[in-house]
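The block underneath contains the structure these notes are about, expressed in C-alpha cells.
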Amino acid sequence: MGLGGISIWQLLIILAIVVLIFGTKRMRSMGSDLGGAVKGFKEALDDDKKADKKSADDNSKSD
C-alpha cells in the first residue's frame, strides 16, 4: 500500500495520464514556475520578518 491506500501502480498510471495530457515540456515549465513562486513567497516572508524585527527594535529603543 502506498499513500492513503493508493498503490505505486495507480500512481504510475496517473503520472502517465498527466504526462500524456500536458506533455513533458509544459510540465517542466509548470515546475519551474511553481519553484519560482515558492521562492518568491519565502523571500516575502523573510522580508516581513526582518521588517517586524526592525520595528520591534526601534520601538524598544524609543522606550
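We did not get these values from a lab; they are worked out from the coordinates using the rules stated. In this text the structure is predicted, and so the values were computed from the model without any measurement. Positions of Cβ are generated from backbone atoms using ideal geometry, with glycine treated the same way; all protein chains shown enter the neighbour counts.
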Every pair of residues 6+ apart whose Cβ atoms lie under 8 Å, when the first sits in region 7-26 and is free of Cβ contacts under 8 Å to residues at least 24 places away in the same chain while the second is of a type outside the set (A, V, I, L, M): 8/2; 10/2; 11/2
Among residues of region 1-60, those that are surrounded by 10 or more Cβ atoms within 10 Å (Cβ to Cβ) and outside any helix (DSSP H, G or I), counted: 4
